[in-house]
Structures are given as C-alpha cells and as structure tokens.
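See structure below.
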Amino acid sequence: MSGARAQTVFLPRISAAAVYTDNINLAPDDAKQEDYIAVLMPGLHFDHTSLKLHTGLDYDLQALRFAHSQTGTSLFHRGTFDSELTMLPDWLTLGLNLTREQSSSSPTAPTNTNSLFPTGDVANRTFGGATLDLAHKFRLFRFDLRYIQAFVKNQQTDFNNPNLQNSRDRDYSALVGSVDRNAKFTWDTQYSRTQTSYERAQRYLNESATLELGYRVLPDWRLIARGGAESDPNKGIGQGGLGSTEYAGGFDWVPSIRDEIRALVGRRFYGTSYEGLWRHTSRILELSASYLEQPTTEDNRYVAGGIGEAPPPLTPTTLPGNQVGTGGVVGPGAGVVGAIGPGVFSDFTRLTSDVFLLKEATARATLRGRITSIGLILTSEERQYITYNGVQVAATGIVPPTDKTRGADLNITRRFGPKIDASLDASVSKVSLLEGGSYREQRYTLTVTDRIGVRSSLVLRLDHDQRLGGIGEFKANMVALSFQLGVNGPTTGAGLPGGGGYGAPGIGTQPGGFPTH
C-alpha cells in the first residue's frame with residue numbers, strides 16, 4: 001500500500017435502551033428488588049491505515065438512569081486506542097495502546113453484567129503501554145529485541161475498596177534463532193525479564209533464559225528439546241535471577257497446513273511441567289486446544305494480554321492467531337483469537353498483587369454455515385498462589401491456597417431472512433475459592449436483531465443469570481429493548497456492551513467507567 005492509498009474510517013454510533021430487571025442488586029430471593037433502567041450509549045469507531053502507520057480508536061459512553069435504585073445515575077467509559085508505527089521497515093516498530101474498561105475486583109461478590117447492576121464490586125481498569133521492537137531477518141539468523149513499558153490503574157467505582165493498587169510493568173525480551181523454520185535443524189535462544197512494581201507491595205521480578213532445538217525426523221514430525229534457567233519465585237518473588245533449572249522435550253507434528261499438534265513435558269521450579277497445542281481448520285470448521293503453565297500476577301497477566309496463547313510452532317502455519325508479530329501492540333486481549341459471542345471468556349478476577357502459578361487450558365470449536373454459526377468454548381483455570389496477602393506461602397509451610405474455575409460456553413447464531421438475526425448464548429461455570437467454598441453460575445442470553453434500515457436496528461434481548469452454592473447467591477432476569485443507529489462497534493444485543501458471560505483470558509469483557517450520583 002502506498003501513502004497515496006491511505007485509508008481513514010470514522011463511524012459514529014448511538015443506541016438507546018429500556019431495560020427491566022427483577023433483581024437490580026443481584027441479591028438472594030428474599031431481598032430482590034426490581035428496577036427499570038434507561039441506557040443511552042453514544043460511541044465512535046476510528047481507523048487509519050497507511051504505509052507505515054495503523055491507528056484505531058473505539059469508544060463508548062454508557063449513561064444509566066435507574067428508576068428506583070439509590071444509585072440514581074451512572075456514567076461509564078469504555079474505550080481502546082492502539083497504534084503501530086513502522087519507524088524503519090523490516091527493522092523497527094513502535095506500538096502504543098490505551099484501554100479503559102471495567103471488571104469485578106473479587107470473585108466472592110455477584111458478577112456484574114454489562115455494568116447494569118450496582119453491586120459495589122466493580123473496578124475501573126485503565127491500561128497504557130508502549131512497545132519498542134527491533135527485529136530483522138538475515139540470511140543465516142533472525143533476531144527480535146523487545147521492550148515494553150506499561151501501567152495499570154485499578155480504581156473501585158464506588159470507592160469502598162481503597163486497597164486496590166496500581167502497578168507499572170517493565171519487560172524485556174531478546175530472541176535469536178534460525179530463519180528457515182522448515183530446515184532439518186532449527187534453533188532459538190531467548191531471554192526475558194518481567195518486572196511488575198506496585199505502590200504498596202513487593203515487586204514481582206521473573207527472568208528466564210532458554211535454548212530450544214528442533215530436529216526434523218520426518219517431513220511432518222519435529223522433535224523439540226528445550227533447556228535453560230529461570231527465576232524461582234518460591235524463594236522470593238522480587239529476587240529474579242536464573243537460579244532454577246528448567247528443561248522440556250516433546251514434538252511438533254504438522255501433517256498439513258490446516259493441522260498441528262505440539263506437546264512438551266519437562267521440569268520447572270514447581271515440578272513437572274506440561275505444554276500443549278492442537279489446531280485444525282477447514283472451510284466451515286475450526287478446532288483448537290491449548291494448555292500452558294506460567295507464574296504471573298493479575299496486573300502482569302493483564303498487561304501481557306493473557307498468557308494462555310501457546311508459543312509459536314517450530315514450523316509455520318497460516319492458521320488464525322498462529323503468527324507472532326514484530327512490534328505489535330500490547331494490552332488486554334492482545335493475541336486472543338476472536339470470541340464467538342458474549343461472555344465466552346473467564347471473568348474470574350482478584351485485583352491483588354499476589355503472585356500465582358497459572359495453569360490454563362482452553363478448547364474452542366467453531367462451525368460456520370451459510371446462515372448458522374455455532375461456537376463452543378471450554379475453559380479450565382487453576383491459580384496456585386505463591387504469595388497470599390503479600391506473604392510468601394513457602395515460608396509458612398502451608399499448602400498453597402488455590403482458586404479453580406471450570407466453564408463452558410455455547411453460542412448459536414442464525415440468520416432468518418435478510419433483516420433478522422438471532423443469537424443464543426448459554427454458559428455454565430463452577431468456581432472453587434481459596435477462602436473455601438464454591439459456587440456454580442449459569443447464564444443464558446437470547447438476542448433478536450431486526451435491521452430496519454441501512455444503519456439502524458431494533459434489538460430485543462432476554463437474560464437469565466443465577467449463582468448457586470452459598471457464596472453470593474442470586475437469580476436475576478432482564479429484558480432489554482433498544483434502538484441502534486450506525487452501530488459498528490463491539491456491542492452485543494440491546495445496545496449493551498459486550499460481556500455478561502461467566503467467562504476473557506480474559507479480562508475485561510465489560511465496559512469500564514466512572515459513576516456519578
């Protein structure tokens with residue numbers, strides 16, 4: 001694309017909705033209170049693409065007016081700005097990202113849906129990051145040097161939790177490896193350093209240095225051996241260093257450009273480690289599964305955009321989400337393969353500075369027909385805490401506190417004629433908390449859209465949410481009718497922002513905001 005062919009898109013939009021719910025406070029049955037909510041949501045989408053620069057902005061203002069709740073009026077802001085500048089073609093890129101959104105701050109409280117329920121457990125999350133990437137391919141080798149500077153600001157919307165902390169991330173990575181990924185012998189050396197600093201807590205510092213070798217034994221089979229050293233956070237989360245040995249071995253099988261299986265077993269600071277990836281794609285069907293283990297913190301994971309994405313394979317494929325860009329933009333949701341509907345990613349969040357070992361498995365299936373699409377996502381997440389309330393768990397001699405979540409989300413979308421679409425989303429999850437106890441959540445959403453004009457629609461949305469198990473139990477139903485004009489951004493049903501499932505490595509599928517009363 002030449003500079004003369006630069007493209008700029010500006011799309012304003014607005015939606016207005018009338019909402020009824022029989023449980024505005026997500027309270028138990030004996031304390032339920034109904035309410036009516038008026039929602040006005042103006043927004044815009046801006047995109048500019050030229051030879052060296054790509055810039056995108058998507059923003060929504062969500063204004064809520066409650067008929068009976070003491071909350072009265074609330075304003076929420078949700079937006080994402082990202083930009084990638086090619087400073088030197090094939091050498092140097094600069095990525096910038098700024099995000100404002102909202103999430104729950106603790107899994108013990110009822111989960112908010114679309115910011116409509118004033119549960120008092122909602123936090124604004126503001127993220128800003130810059131990535132400087134120096135990368136190039138030579139005839140015999142390639143290299144990639146990357147530096148990330150980022151911040152996360154967490155703020156309770158009703159100010160009832162002053163203990164939420166802000167953080168700053170400073171990450172370095174360096175990679176040198178072979179160029180031809182289909183060669184008989186391949187190699188990669190990599191060093192990474194991640195540092196997350198908090199206002200009133202000990203910093204988290206993690207380092208890793210590895211050498212990975214690949215040997216092609218058959219045209220579609222490659223053996224993998226990896227070894228190196230890493231930090232051991234059990235001996236101190238802020239020490240860093242390379243005091244613990246790590247190694248792994250496995251294989252990568254790519255029988256075709258549409259299929260891949262990769263599996264490794266090894267040893268890390270916590271014991272036996274596992275890593276896996278499976279992908280299959282065809283004209284109408286896409287299947288994938290991944291498993292990864294990694295120490296992290298809530299904010300560190302947020303900056304990284306979720307570490308559940310599997311590492312790049314030793315042989316190239318053209319499957320979606322299987323490329324690792326140079327430069328690029330960091331931030332929440334970076335690198336996540338497209339969602340299939342509202343609420344498909346985990347919304348489990350603890351806004352603390354504690355370090356935990358994350359064990360995350362995700363499986364996806366998407367079937368796309370001419371008029372019907374079906375998507376299924378299965379998730380499993382386990383957090384083994386290395387620190388708890390800022391205290392090193394290994395020093396106490398207790399069994400590491402653990403959070404566990406399991407979930408499934410099914411989404412079916414069907415087109416009924418040229419103007420009417422319908423979508424059904426059903427999700428179930430089970431959460432076991434480190435404090436003890438567990439609960440189950442069920443969420444069902446039916447959305448019907450009637451496109452009454454070229455850029456205007458009427459949307460009817462029906463929701464049923466419930467939590468069972470003794471921790472924040474509730475049942476809530478919601479009916480919403482909205483009119484949307486010029487809607488081209490990420491809204492899902494009834495003019496309400498995306499979200500409302502159990503389940504984003506998720507982070508921040510709901511809009512961010514700042515309430516006023």
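The values are calculated or read from the model by the stated rules, or taken from the named source; none is laboratory data. It should be emphasised that the depicted structure is a prediction, and the values quoted were computed from it without experimental measurement. Counting neighbours? That spans all protein chains shown, and the Cβs are built from the backbone with ideal geometry, glycine included.
A compact table of results
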item	result
Top-ranked residue of region 171-188 - restricted to ones that are surrounded by fewer than 16 Cβ atoms within 10 Å (Cβ to Cβ) and part of a strand (DSSP E or B), ranked as nearest to the chain's Cα centre (by Cα)	172
Any hit, region 5-19, residues being small (Gly, Ala, Ser), out of contact with any strand residue (DSSP E or B) (no Cβ under 6 Å at 6 or more places or on another chain) and either part of a loop (DSSP other than H, G, I, E, B) or surrounded by fewer than 16 Cβ atoms within 10 Å (Cβ to Cβ) (or both)	yes
Test result for residue 371, surrounded by fewer than 17 Cβ atoms within 10 Å (Cβ to Cβ), at pLDDT 85 or above and either under 30 Å from residue 174 (Cβ atoms) or hydrophobic (A, V, I, L, M, F, W, C) (or both)	yes
Total residues in region 204-230, condition under 17 Å from residue 242 (Cα atoms) and surrounded by fewer than 17 Cβ atoms within 10 Å (Cβ to Cβ)	3
Selected residue (only one of 343, 338 is under 25 Å from residue 129 (Cβ atoms), in a loop (DSSP other than H, G, I, E, B), at pLDDT below 95 and not β-branched (Val, Ile, Thr))	338
Residues located in region 423-451, provided they are of a type in the set (D, E, K, R) and either farther than 19 Å from residue 407 by Cβ or not in a strand (DSSP E or B) (or both)	435, 450, 451
Matching entry among 126, 131 (being surrounded by 22 or more Cβ atoms within 10 Å (Cβ to Cβ) and assigned to a strand (DSSP E or B))	131
Residue match in region 192-208 (condition: part of a strand (DSSP E or B), within 15 Å of residue 267 (Cα to Cα) and out of contact with any helix residue (DSSP H, G or I) (no Cβ under 9 Å at 6 or more places or on another chain))	yes
Residue list for region 39-72, restricted to those being hydrophobic (A, V, I, L, M, F, W, C) and either closer than 17 Å to residue 480 by Cα or surrounded by fewer than 17 Cβ atoms within 10 Å (Cβ to Cβ) (or both)	39, 40, 41, 46, 51, 53, 57, 63, 64, 66, 67
Answer from 277, 319, 287, 264 - the residue that is aliphatic (A, V, I, L, M), surrounded by 15 or more Cβ atoms within 10 Å (Cβ to Cβ), more than 16 Å from the chain's Cα centre (by Cα) and modelled with pLDDT under 95	319
Extreme residue, nearest to residue 127 (Cα to Cα), among residues of region 40-87 that are part of a loop (DSSP other than H, G, I, E, B) and out of contact with any Gly (no Cβ under 9 Å at 6 or more places or on another chain)	71
Residue within region 92-109 that is over 21 Å from the mean Cα position of the chain (by Cα), within 30 Å of residue 469 (Cβ to Cβ) and either crowded, with 17+ Cβ neighbours inside 10 Å or of a type outside the set (Asp, Glu) (or both) present	no
The listed residue being at pLDDT below 90, touching a Lys or Arg at 6+ places or on another chain (Cβ under 9 Å) and under 21 Å from residue 353 (Cβ atoms), out of 195, 165, 149	165
Answer residue from region 422-447, given it is of a type outside the set (S, T, N, Q) and crowded, with 18+ Cβ neighbours inside 10 Å and is nearest to residue 379 (Cα to Cα) among those	431
Those residues of region 223-245 which are within 17 Å of residue 187 (Cβ to Cβ) and of a type in the set (D, E, K, R), in sequence order	226
Set 453, 390: member being out of contact with any Lys or Arg (no Cβ under 8 Å at 6 or more places or on another chain), on the phi > 0 side of the Ramachandran plot and either of a type in the set (Gly, Ala, Ser) or modelled with pLDDT of 95 or more (or both)	390
